[in-house]
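First up is the structure itself, then whatever we jot down about it.
The values are calculated or read from the model by the stated rules, or taken from the named source; none is laboratory data. These numbers come from a predicted model, not from an experiment. Reconstructed Cβ throughout: ideal geometry from the backbone, glycine too, with neighbour counts over all protein chains shown.
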């Protein structure tokens, strides 16, 4: 196997390392409060990071052609897991998003979002939107992805369902779908969003809180706006260089979900503007290398797969950061590679391994092309 783009593992592991450090910093007091052990969350995150590295190594060596043939099966398994979590999922904070498997719990949404990307790459290569029209080229694949989004919505996870649908639309656009054809599923998605907001009052409260803050710069600091208020306090108090690693104050049970949804706020408080900017640079570089891999892929399916994986990283990062800074309603989305969590970290590192594998195939193809271009010149010199 030809070596791929070395930036992909370096950046993925760098973000994971930042996450492990920040998880420890943000959970030591929580570990003492809940488990009488300041290292409880650190140990669990380290275990998951090791499993994630194993997933990266395995996926970086997988046969992409074989993975492609498994796409519909993986899609079906993801749908079954999502259905199972709706029926028998473990409830936490009013949502059933975890599926207990013996001593472990997994979040099927993390499996589903990667399975959907793989399935779309497989489908769109065989049925290009430009050649198959609206029904088969656009509505059918999006309808299948919408099935996964609907199951995610039942957990309920409006943000997870929305980002999966958005990824699907973006991949269809990259595959050559007409914008006029995409207006139909976009309209359907907006209707589904309106219904979801109507049937889940807490989502409407979050949206109303965001709108009030965006247009009047006011927050219900003792109610629905508490989380955002504490997040902004954390970010604002970091200044240029921060309070120092471990020196943050908002993690002392002021900011809920400091180690998951709002871990960026703790990082900004402790490492300041410079540390937060460094994290953004790491993400920007990873997204650049991912899209570069997609642009250089010689196979349409692999190009779409690389683009879909990179879109997943980018969308989750952008929405998480937007929530932490008050630019989007609270969603409950983790920051890729950084937030505490097992399923998401392992899935992201596995996806990064696939991205690395695609970049290696690109390098092999470029080397073969250079060899073919060089051969006639060598032949010509020999003939002379």
Report summary line: In the set 197, 164, 193, the lone residue that is in a helix (DSSP H, G or I), modelled with pLDDT of 85 or more and within 26 Å of residue 110 (Cβ to Cβ) is 164
Report summary line: Picked from segment 48-59 (must be touching a residue at least 40 places away in the same chain (Cβ under 8 Å) and closer than 17 Å to residue 106 by Cα), the residue surrounded by the fewest Cβ atoms within 10 Å (Cβ to Cβ) is 51
Query - Subset of segment 227-242 (residues that are in contact (Cβ under 8 Å) with a residue 12 or more places away in the chain and either buried (at least 18 other Cβ atoms within 10 Å of the Cβ) or within 27 Å of the chain's Cα centre (by Cα) (or both)) - result: 227, 228, 230, 231, 232, 233, 234, 235, 238, 242
Query raised in the report: Of the numbered conditions (1) modelled with pLDDT of 85 or more; (2) within 20 Å of the chain's Cα centre (by Cα), residue 257 satisfies every one except a single condition; which is it?
Result: (1)
Report task. Test each condition in (1) more than 21 Å from residue 164 (Cβ to Cβ); (2) in contact with a helix residue (DSSP H, G or I) (Cβ under 9 Å, 6 or more places away or on another chain); (3) not in a loop (DSSP other than H, G, I, E, B) for residue 314 and report the one that comes out false. Result -> (1)
**Report entry** Residue check, residue 153 farther than 27 Å from residue 355 by Cα, crowded, with 16+ Cβ neighbours inside 10 Å and either more than 18 Å from the chain's Cα centre (by Cα) or in contact (Cβ under 8 Å) with a residue 40 or more places away in the chain (or both)
**Finding:** yes
Query raised in the report: Hey, among 247, 225, 188, 275, which residue is farther than 19 Å from residue 317 by Cβ and either touching a strand residue (DSSP E or B) at 6+ places or on another chain (Cβ under 6 Å) or at pLDDT 90 or above (or both)?
Result: 247
Report summary line: Of 285, 267, the only residue that is surrounded by 24 or more Cβ atoms within 10 Å (Cβ to Cβ), touching a helix residue (DSSP H, G or I) at 6+ places or on another chain (Cβ under 9 Å), touching a residue at least 40 places away in the same chain (Cβ under 8 Å) and part of a helix (DSSP H, G or I) is 267
Query raised in the report: From the residues in segment 322-337 that are more than 11 Å from the chain's Cα centre (by Cα) and buried (at least 22 other Cβ atoms within 10 Å of the Cβ), which one is farthest from residue 257 (Cα to Cα)?
Result: 329
Query raised in the report: Within segment 121-132, is there a residue that is within 26 Å of residue 52 (Cα to Cα) and touching a residue at least 24 places away in the same chain (Cβ under 8 Å)?
Result: yes
**Report entry** Pick from segment 169-180, criterion modelled with pLDDT under 90 and surrounded by fewer than 19 Cβ atoms within 10 Å (Cβ to Cβ), ranking: farthest from residue 117 (Cα to Cα)
**Finding:** 180
